[in-house]
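K.L.:
Below you'll find the structure I mean.
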Amino acid sequence: MQTTQNETIRIYRIDTFSVPKVQKTNQGFLEGEVVASRTGIFNYYDADGKCRKELRHPDDVFKEDSLKTLRMLPVTDDHPQEFVDVKNASSLQKGFTGESYRTDEEGNIIVRIKVTNSNLINKILAGKKAELSLGYSVSLEKDAGTYKGERYD
């Protein structure tokens, strides 16, 4: 994807995190806290395989309108081909995130998660789901520089 300096593009991103320790509830669901998003510089790959280092600055990641989007999100098993919305949530949803979030000293945003689907619960407990990830769209502005001593594109 070609861009020029100061050009903004809309792009789909997936960030991956290790599945944290979760606990089984009395009803058999799984609950726990998960990293839903974070700040810093991340490697993303273009369609041609070229690596681009992108900055997710705290000023953007911690904006209230961005943080609100993490509340009561449907949880799915893998990433569906389309964004989850009212038309497909009932067939894709396997759980949900909680109503609140918190941040930690490492620049992570933590949310509670509850998995309600027995097949997904079994995969997690058997270690067949070692990662979770958040799919989102972002307005990407080309603006090279450095952040905390590391270069970004």
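The values are calculated or read from the model by the stated rules, or taken from the named source; none is laboratory data. All values reported here derive from a predicted model rather than from experimental measurement. Neighbour counts run over all protein chains shown; Cβ positions are idealised from the backbone, glycine included. Accessible surface is based on the protein model in full, side chains and every heavy atom, while ligands, DNA and RNA are left aside. Shrake-Rupley method; radii C 1.70, N 1.55, O 1.52, S 1.80 Å.
K.L.:
Determine if segment 72-82 includes at least one residue that is in contact (Cβ under 8 Å) with a residue 60 or more places away in the chain, open to solvent by less than 80 Å² (accessible area, probe 1.4 Å), closer than 26 Å to LYS142 by Cβ and touching a helix residue (DSSP H, G or I) at 6+ places or on another chain (Cβ under 7 Å).
P.N.:
no
K.L.:
List the strands (runs of 3 or more DSSP E) inside segment 88-144, counting only whole elements, that have at least 1 residues being open to solvent by 80 Å² or more (accessible area, probe 1.4 Å) and touching a residue at least 60 places away in the same chain (Cβ under 8 Å). Explain how you work it out, then say what you get.
P.N.:
Working: elements: 95-103, 108-115, 131-141.
In segment 88-144, the matching strands (runs of 3 or more DSSP E) lie at 108-115, 131-141.
K.L.:
Continuing with this model, one more query. Within segment 77-115, track down each residue that is closer than 16 Å to GLU33 by Cβ, in contact with a Ser or Thr (Cβ under 6 Å, 6 or more places away or on another chain) and among the hydrophobic types (A, V, I, L, M, F, W, C).
P.N.:
ILE109, VAL111, ILE113 - these are the residues of segment 77-115 that are closer than 16 Å to GLU33 by Cβ, in contact with a Ser or Thr (Cβ under 6 Å, 6 or more places away or on another chain) and among the hydrophobic types (A, V, I, L, M, F, W, C).
K.L.:
Okay, next question. Cβ-Cβ under 9 Å, sequence separation 6+ or interchain: first residue in segment 27-50 and more than 27 Å from PHE96 (Cα to Cα), partner open to solvent by 60 Å² or more (accessible area, probe 1.4 Å). Which pairs?
P.N.:
ILE41/LYS53; ILE41/LYS148; ILE41/GLU150; ILE41/ARG151; ASN43/LYS53; ASP46/MET1; ALA47/MET1; ASP48/MET1
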